[in-house]
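Asker: Following this message is one structure expressed as structure tokens.
The values are calculated or read from the model by the stated rules, or taken from the named source; none is laboratory data. Worth saying up front: this structure is predicted, and the values here are computed from it rather than measured. Backbone-built Cβ (ideal geometry, glycine too); neighbour counts: all protein chains shown. Just so you know, the surface numbers come from the protein's heavy atoms only, side chains and all, with ligands and any DNA or RNA stripped out. Shrake-Rupley method; radii C 1.70, N 1.55, O 1.52, S 1.80 Å.
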Amino acid sequence: MDAANEAGQAKADSAKGSAQLGTGGGDAQTHAPAPNTPQFTREEDLHAYHEMLLIRRFEEKAGQLYGMGLIGGFCHLYIGQEAVVIGMQMASVEGDQTITGYRDHGHMLACGMDPKGVMAELTGRRGGYSRGKGGSMHMFSKEKQFFGGHGIVGAQVSLGTGLGFADAYKKNGKVSLTYMGDGAANQGQVYESFNMAQLWKLPVVYVIENNRYAMGTSVARASAQTDFSKRGISFGIPGEQVDGMDVRTVREAASRAVEHARSGQGPYILEMQTYRYRGHSMSDPAKYRTKDEVSKMRDEHDPIEMVRKRLIEMHGVPEADLKATDAKVRETVNDAAEFATHDPEPDLSELWTDILLEARA
């Protein structure tokens, strides 16, 4: 394909991708987004603003460190998608599990994991969550019920279903929040998981973060059914499309889905229509979409800016207070980066740890 045709195809993909946000499903098993956007209290908006801003600033700093060569391997940033994981966490309770793919730093922070430990793992230091041996795609926190970060596309869906099976077996009232991207939604193991989850009425909420381009191909070119909320229809799993750029609509839909799963009715699918501002990974120039499309999303749909405007215009929060919040968040992130770049690398003896688990008597 020559350069002119490539440019034309990128424009076509961009146009098709743009059409995805806001489309609604019409099937009986699919619920359209609520016509009236729910409102947040002042405290809820302040909480959402702080948490999303923490993810945004952390990811910006991670991108800087990657550019400086301090983070190696792959690095997939969550910039633009912050409302999804924060809205989901606002609807969950302590003890609910979270598992996701490789665009995972935002999920870690949303679960309450220490930014220092996350950043230290990214830079391969002993203070990281996997003691510097795992990197971005191999971080876990049993304390925060975060079960990864998985580099194999779609692999986390089977594992998240297993977490739901454990919850059902233990009858502990917990829910597994299992995230995947639009690209992973076409994996065969996803549908095996859907079948088992509905067959056994497992408490799993499948969150499909549809940022439109998977690893670089528009969903319109890669998926015969681009309404991902319908992917569970043949199994009898209800689903709905959600504006994933608005933390309020995410929290509202998440509350319905989590209650459905927690009450013993089985799994639920949420298609979060969202958007990533950066490429698939730090090495992706994202030439498959136009700069105008990215700018339009930033200008009109940025999840953090929408909350900021509400805080000023609806809740009467002084702009100086929001600037102070931003300064505090930046300080937290800078402290994490400082720790991560000065913490020692793991000792060579660490190569022999975490290989075998000693059998209990």
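Asker: State the number of residues belonging to the stretch 238-290 that are without any contact (Cβ under 8 Å) to a residue 40 or more places away in the chain and of a type in the set (D, E).
Answerer: Residues in the stretch 238-290 being without any contact (Cβ under 8 Å) to a residue 40 or more places away in the chain and of a type in the set (D, E): 1 in total.
Asker: Within the stretch 246-286, how many residues are surrounded by 24 or more Cβ atoms within 10 Å (Cβ to Cβ) and assigned to a loop (DSSP other than H, G, I, E, B)?
Answerer: Here the count works out to 3.
Asker: Another question, then. Please go through the stretch 163-202 and give me each residue that is touching a Gly at 6+ places or on another chain (Cβ under 6 Å), open to solvent by less than 10 Å² (accessible area, probe 1.4 Å) and not aliphatic (A, V, I, L, M), ordered by number.
Answerer: Within the stretch 163-202, S176, T178, F194 meet the criteria.
Asker: If you take the residues of the stretch 78-90 that are over 18 Å from H301 (Cα atoms) and in contact (Cβ under 8 Å) with a residue 60 or more places away in the chain, which of them is most open to solvent (accessible area, probe 1.4 Å)? Show your work before the answer.
Answerer: Going through the stretch 78-90, the residues over 18 Å from H301 (Cα atoms) turn out to be 88-90.
With the extra rule that they be in contact (Cβ under 8 Å) with a residue 60 or more places away in the chain, the set shrinks to 88, 90.
Working: M88: 0, M90: 45 Å².
Only one residue fits best here, namely M90.
Asker: Name the single residue, out of those in the stretch 138-158 being touching a Phe, Trp or Tyr at 6+ places or on another chain (Cβ under 8 Å) and under 11 Å from M180 (Cβ atoms), that is surrounded by the fewest Cβ atoms within 10 Å (Cβ to Cβ). It would help to see each step written out before you state the result.
Answerer: First pass over the stretch 138-158, keeping only residues touching a Phe, Trp or Tyr at 6+ places or on another chain (Cβ under 8 Å): 139-141, 146-151, 156-157.
From the residues that got through so far, the ones that are under 11 Å from M180 (Cβ atoms) too are 150, 156-157.
Working: H150: 22, Q156: 28, V157: 29.
Across the stretch 138-158, the extreme among qualifying residues is H150.
Asker: Same structure, new question: Determine which single condition M113 fails, assuming it passes every other condition in (1) more than 14 Å from the chain's Cα centre (by Cα); (2) in a helix (DSSP H, G or I); (3) aliphatic (A, V, I, L, M).
Answerer: The failed condition is (2).
Asker: Next question, about the same structure. Taking the condition in contact (Cβ under 8 Å) with a residue 12 or more places away in the chain, surrounded by fewer than 17 Cβ atoms within 10 Å (Cβ to Cβ) and either part of a strand (DSSP E or B) or touching a Lys or Arg at 6+ places or on another chain (Cβ under 8 Å) (or both), does R221 pass? I'd like the intermediate steps shown before the answer.
Answerer: Working: in contact (Cβ under 8 Å) with a residue 12 or more places away in the chain: yes; surrounded by fewer than 17 Cβ atoms within 10 Å (Cβ to Cβ): yes; either part of a strand (DSSP E or B) or touching a Lys or Arg at 6+ places or on another chain (Cβ under 8 Å) (or both): yes.
So R221 passes the test.
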